[in-house]
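A short write-up of the structure that comes next.
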Amino acid sequence: MSRIVYVNGDYLPEEDAKISVFDRGFLFADGVYEVTSVLGGKLIDFEGHAKRLERSLSELDMPAPVTMDALLEIHRELVARNEVHEGLVYLQVTRGAADRDFAYPAEPKPSLVLFTQTKTLADAPVAKTGIKVISIEDQRWGRRDIKTVQLLYPSMGKMMAKAAGVDDAWMVEDGAVTEGTSNNAYIVTKAGTIVTRHLGNEILHGITRAAVLRFAREAQMAVEERSFTIEEAKDAAEAFITSASTFVMPVVELDGAQIGDGTPGPVATRLREIYLEESLKKAV
Ligand code: PLP
């Protein structure tokens, strides 16, 4: 069976799913996206992703192609049609096809594409061992709070990590860690405080970040939203990342230095358990 993809109102076999060569997503990276995880056939934190999508669209003066209620129905229909028990739904909205011009078209017809990917997430083996990261300079644009499809620098970062024989890269700007190439970055101090970069234009406001910080505070864990350096991270008791597809993932090595005892720490391990448990309760 071919995977079924949603394109502008139609559910099509993937080989028939097409977008115009004049689409501004293709020509200008004039598009935004969301990735929502699926566990047990249900969507994790759909509302958070829908709200961030609305914000990304509004920051770029891009019209929403359908209502958020319609979007939920499309997500559910795709998950059902593709029989996704565990995996992801990828969604992309672009400003649509128009004659090539840097200025936005006066009457844009946004494109909407969604597809699914089946993937083992909750029991991903790497969660048991943790990941290794290197630090790289953050060379992205200044509005990282908007979830745009301009992902070339993060792709380059993943390739730098791959070339260094590790799993990912943490980006550094003005001496402080911003975030991972596709995730938010955290350390746990020796005193047990969870530290992650404060919100601003410099990082993506992760949906998983918001949930994990809420759960951590509810569990009486100390949380500080502030900048931290690579040196502080190397000296931390633990480190981890969060994203919709990795949930809470321990980081055990940074620039060749072992973090803590080089195995997933208790805080990251507990937060992963709490996140999975609590998010599943509200999955739709
Ligand atoms: N930061 C960046 C740069 C990302 O690309 C992502 C996810 O793609 C995240 C953080 C994590 O965001 P979320 O938890 O909403 O998946």
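Just so it is clear, none of the values below were taken in a lab; they were calculated from the coordinates. This one's a predicted model, so the numbers in the text were calculated from it and none came from an experiment. Cβ atoms come from the backbone with ideal geometry, glycine included; neighbour counts cover every protein chain shown.
Computed from backbone phi with θ = phi - 60° and the Karplus coefficients 6.51, -1.76 and 1.60, the 3J(HN,Hα) list for region 267-272 is 5, 4, 5, 5, 5, 4 Hz; x is used for glycine and proline. Rounded to the nearest whole Hz, the Karplus-based 3J(HN,Hα) values (6.51 cos²θ - 1.76 cosθ + 1.60, θ = phi - 60°) of region 87-93 follow the sequence x, 9, 10, 9, 10, 9, 10, with x at glycine and proline.
The spacing between region 78-102 and region 248-284, judged by their C-alpha centroids, is 29 Å.
The angle between the Cα long axis of helix 68-81 and the main principal axis of the chain comes to about 90°, on a 0 to 90 degree scale. Loop-located chymotrypsin sites (Phe, Trp or Tyr not before Pro) in region 92-153 (DSSP state other than H, G, I, E, B) with a sparse environment of at most 11 neighbouring Cβ atoms within 10 Å: F102, W141. Under the simplified labelling scheme, the D16-E277 pair shows an inter-label distance of 4.7 nm, with each label point 7 Å from Cα along Cα→Cβ.
Please label the shape of region 87-239 as rounded, prolate or oblate, based on the square roots a ≥ b ≥ c of the eigenvalues of the alpha-carbon gyration tensor (a/c under 1.5 means rounded; beyond that, a/b larger than b/c means prolate, else oblate). Prolate, since a/c reaches 1.5 and a/b exceeds b/c. For the chain, take the longest principal axis of its alpha carbons; what is the angle in degrees between that and the long axis of helix 152-163, to the nearest 10 within 0 to 90? It is inclined by approximately 50 degrees. About the Cα centre, and with charges only on the beta carbon of Lys, Arg (+1) and Asp, Glu (-1), how big is the dipole of region 210-284? Nearest 20 debye, please. Using Cβ point charges on Lys, Arg, Asp and Glu, region 210-284 gives about 460 debye.
Compute the whole-percent fraction of alpha carbon pairs in the chain spaced more than 23 Å apart. It works out to 56 percent of all Cα pairs. Summed over qualifying helices (DSSP H, 4 residues or more, each -39500 (n - 2.57)) and divided by its residue number, the chain shows a 222 nm mean residue ellipticity of -8500 deg cm²/dmol. Would you please give the FRET efficiency between K51 and V223, computed as 1/(1 + (r/R0)^6) with r the Cβ-Cβ distance and R0 = 22 Å, to the nearest 0.05? According to the calculation, E is roughly 0.55. With the convex hull constructed from alpha-carbon coordinates only, region 1-147 shows a mean projected area of 10.7 nm² over all directions.
Overall, the chain carries a charge dipole of about 300 debye about its Cα centre when +1 sits on the Cβ of Lys and Arg and -1 on the Cβ of Asp and Glu, all other atoms neutral.
A DSSP coil position with no more than 15 other Cβ atoms inside 10 Å describes the following trypsin sites (Lys or Arg not before Pro) in region 232-284: K282. Output the 0 to 90 degree angle, nearest 10, between the alpha-carbon long axis of helix 207-218 and the longest principal axis computed from the alpha carbons of the chain. Here the helix axis deviates by roughly 40 degrees. When the listed pairs K51/K282; K119/K147; K190/K234; K51/K281; K18/K51 are checked against a 18 Å cut-off, the alpha-carbon distance exceeds it for K119/K147; K51/K281; K18/K51.
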